[in-house]
Amino acid sequence: MENSTQTQEFKEIVEAVNNRIHFKGKLIEHSIEGFERIIEVVDDSVGLRGIIAIHNTTLGPAVGGIRMYPYSSFEEALTDVLRLSEGMTFKSGVAQTGTGGGKSVIIGDPKKIKTPQLLRSFGAAINALGGTYIGAEDSGMRLSDLGILRERTRFLVGIPHPRSSGDPSPFTVFGGLMGIKAAAKQVWGSSSLKGKRIAIQGLGAVGLRLAEVLFWEGARLVVTDVDRNLVDTAVKSFKAEAVEPHEIFGVACDIFAPCALGGILNPETIPQLKCRAVAGLANNQLLTPGDGEALFKKGILYAPDYVINSGGLYQVCVELEKGGYDPTLARDRIATLYSLLTEIFELSAEKKLPTHEIANEICHRNLTQLVGKRTEPIIFHH
């Protein structure tokens, strides 16, 4: 009885706190076909302008990262957040995490305009949506920034807190390793990566970690990044071969692993590829669906990006469950990406369809048949 009373008191405290958190700027609704909600966030008092995009909540509340980037215009930011939020619907739908697709962006250079006041204001904007959107770390944001956002909203995952999951990048990389092994098994009949030549584009938080785990798997690495210091680290630590950013597409390799920006698989780059498989951790790798068809016709096995890079999503969603965050449970769920991607590869070969179309079919099936729909309420243990 005492625990029940304490739980009720906690709920009342949370409700009281939420009622005191008011977003002081403007939340401007935009209607865009195919999206549930598009909210423009404006708070001139702190120099804030951003967008929260909720694409689909059929299977559960939208979960997606908060990205901060110096977009050249509102239209450019809108295009990015729409694309990313839709991608999260596909990622969540295939992963069956009981969540939907959403994303948010803050317009501006994080090195110049990011302040605690701006972050608190954006946190209040997220809070105003009542949990239909749950934010996480993304480009231009740090775990410490999420700690500031948390001062104004509890609707966050992957924050710096003992009862949260923290940095998702190691789990994203583990999922990537499972996907690369599955691709190797499909192409060469063995999941071993020993001696395989793997070209990594982008050495950020995820790309550099991937380079490390592939090194320990015995792979031979070719790397590139716009940051020469990161390239030098990979060369020194993992005996990687360095090439210029524009040269990475034409590198003769077994597997090409894009880990930088999206849209890099396109009519200009695909003809340059000299690999048997593309399996990387960047979001939205295909510029258009037709580029997935082009890879298929060229005989290059493609690991659909929103499947192979879903490890971080699996991880943060574990912290929302009744029992709280358990890294072992997160690891074991991410390990199933090997069998999931194997199924996609085999169906692609059987149906003679590109792998991204097979993954899309699985997502649409899950959405229409409510496979993986959340049945228990979300709990924010932090």
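Scanning region 203-238 for residues that are among the β-branched types (Val, Ile, Thr) and either in contact with a strand residue (DSSP E or B) (Cβ under 7 Å, 6 or more places away or on another chain) or not assigned by TED's automatic domain parsing to the domain that holds Ile255 (or both) returns Val222, Val223, Thr224, Val231, Val235. When Gly102, Gly131, Gly93 are screened for being in contact (Cβ under 8 Å) with a residue 24 or more places away in the chain and assigned to a loop (DSSP other than H, G, I, E, B), only Gly131 passes.
Would region 185-202 turn up any residue that is at pLDDT 95 or above, part of a helix (DSSP H, G or I) and either surrounded by 20 or more Cβ atoms within 10 Å (Cβ to Cβ) or in the same structural domain as Met68 (by TED's automatic domain parsing) (or both)? So far as region 185-202 goes, yes, one or more of its residues are at pLDDT 95 or above, part of a helix (DSSP H, G or I) and either surrounded by 20 or more Cβ atoms within 10 Å (Cβ to Cβ) or in the same structural domain as Met68 (by TED's automatic domain parsing) (or both).
Residues of region 255-284 that are of a type in the set (A, V, I, L, M), in contact (Cβ under 8 Å) with a residue 60 or more places away in the chain and either within 19 Å of Lys185 (Cα to Cα) or not in a loop (DSSP other than H, G, I, E, B) (or both): Ile255, Ala257, Ala277, Ala279, Leu281. The set of residues in region 319-329 being surrounded by fewer than 24 Cβ atoms within 10 Å (Cβ to Cβ) and not basic (Lys, Arg) consists of Glu321, Gly323, Gly324, Tyr325, Asp326, Pro327, Thr328, Leu329. The set of residues from region 230-254 being part of a strand (DSSP E or B) and without any contact (Cβ under 8 Å) to a residue 24 or more places away in the chain comprises Glu241, Ala242. Taking the criterion of being in a helix (DSSP H, G or I) and not hydroxyl-bearing (Ser, Thr, Tyr), the residues of region 326-340 that qualify are Pro327, Leu329, Ala330, Arg331, Asp332, Arg333, Ile334, Ala335, Leu337, Leu340.
For the residues Leu156, Leu118, the requirement of being crowded, with 20+ Cβ neighbours inside 10 Å, over 24 Å from Val307 (Cα atoms) and not assigned by TED's automatic domain parsing to the domain that holds Pro289 singles out Leu118.
So that you can scan it fast, the table gives a plain yes or no per residue for (1) at pLDDT 95 or above; (2) not in a helix (DSSP H, G or I):
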residue: Val14; (1), (2): no, no
residue: Asn19; (1), (2): no, no
residue: Val46; (1), (2): yes, yes
residue: Glu75; (1), (2): yes, no
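The values are calculated or read from the model by the stated rules, or taken from the named source; none is laboratory data. As the structure is a prediction and not an experimental result, all values here were calculated from the model. FYI the Cβ positions are ideal-geometry reconstructions off the backbone, even for glycines, and counts take in every protein chain you see.
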